[in-house]
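The values are calculated or read from the model by the stated rules, or taken from the named source; none is laboratory data. From a predicted model like this one, the values you see are computed outputs, not experimental measurements. Glycine gets a Cβ as well: all are built from the backbone with ideal geometry, and neighbour counts include every protein chain shown. Just the protein is used for accessible areas: all its heavy atoms, side chains included, with ligands, DNA and RNA removed. Shrake-Rupley method; radii C 1.70, N 1.55, O 1.52, S 1.80 Å.
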Amino acid sequence: MNLLVNGDAEKGPGGTAEPVGSVVGWGVRKGAPALVGYDVGGGYPTPADPGPGGGSAGRRFFSGGNSPLTTLVQETALPAGGATGHRAVDAGRVRYVLSGWLGGYAGQEDGVRLSVEFRDRAGNPLALSVLGPVSAAERGNVTALLERSAEAAVPPGARSAHVQLSFTRSGAGTSNDGYADAISLRLTASGRHS
């Protein structure tokens, strides 16, 4: 189960290249993101471009809008009980997979970084994983989103996860063409028993 809300940019206002003031499930910390439809055209990713299932992941994706830096954050509590609950976490028996499709436009270096920081009950950071940005060279200098993922043990003592998307415009122009879709954070029980 994905712990994140609206990791696919499908909920709430959007669908065009125009920035939105709020994003369901996410806090907008900087800038103004856009939830762009795969049908917008004009150089934005389409279902025909490399991406999450040729667009089958949904109708929209996240972009940095028209701000030099756009940051979205989501805090999620880790489950208290069950196979991936606090006791299993503290015993080192829970792993996480952070994944997402990250990309950009043509030969430009605008990009997006996806990170998760696990925190203890007091909010102190325990561990950090960072994905991206995907460079123009990695995309073959074409408009594309490429899948990136990280997997590791959830650190003992972790009680929440702070997930962040940071879109950065690197060149001239007004569009922040860092793109992201299908963002997920999943927990699994590792199967080791004490």
Scan of the stretch 139-149 for residues that are of a type outside the set (S, T, N, Q) and either within 24 Å of residue 31 (Cβ to Cβ) or surrounded by fewer than 16 Cβ atoms within 10 Å (Cβ to Cβ) (or both), ordered by number: 139, 140, 142, 144, 145, 146, 148
The one condition in (1) open to solvent by 10 Å² or more (accessible area, probe 1.4 Å); (2) assigned to a loop (DSSP other than H, G, I, E, B); (3) touching a residue at least 24 places away in the same chain (Cβ under 8 Å); (4) not charged (D, E, K, R) that residue 136 fails to fulfil: (1)
Residues located in the stretch 46-65, provided they are part of a loop (DSSP other than H, G, I, E, B) and either modelled with pLDDT of 95 or more or aromatic (Phe, Trp, Tyr) (or both): 64, 65
Boolean, residue 150 is within 21 Å of residue 71 (Cα to Cα), free of Cβ contacts under 8 Å to residues at least 12 places away in the same chain and of a type outside the set (Asp, Glu): no
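Yes/no per residue for (1) of a type in the set (Val, Ile, Thr); (2) open to solvent by less than 20 Å² (accessible area, probe 1.4 Å):
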residue	(1), (2)
10	no, no
13	no, no
16	yes, no
31	no, no
49	no, no
61	no, yes
64	no, yes
69	no, no
75	no, no
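Where residues in the stretch 94-152 are out of contact with any strand residue (DSSP E or B) (no Cβ under 8 Å at 6 or more places or on another chain) and of a type in the set (S, T, N, Q), which of them is farthest from residue 63 (Cα to Cα)?
Initial filter on the stretch 94-152 (out of contact with any strand residue (DSSP E or B) (no Cβ under 8 Å at 6 or more places or on another chain)): 106-109, 121-122, 124, 137, 140-142.
Next cut, of a type in the set (S, T, N, Q) only: 108, 124, 141.
On the way: 108: 14, 124: 30, 141: 18 Å.
Ranking the qualifying residues of the stretch 94-152, first place goes to 124.
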Members of the stretch 152-194 that are charged (D, E, K, R) and surrounded by 23 or more Cβ atoms within 10 Å (Cβ to Cβ): 169, 177, 181
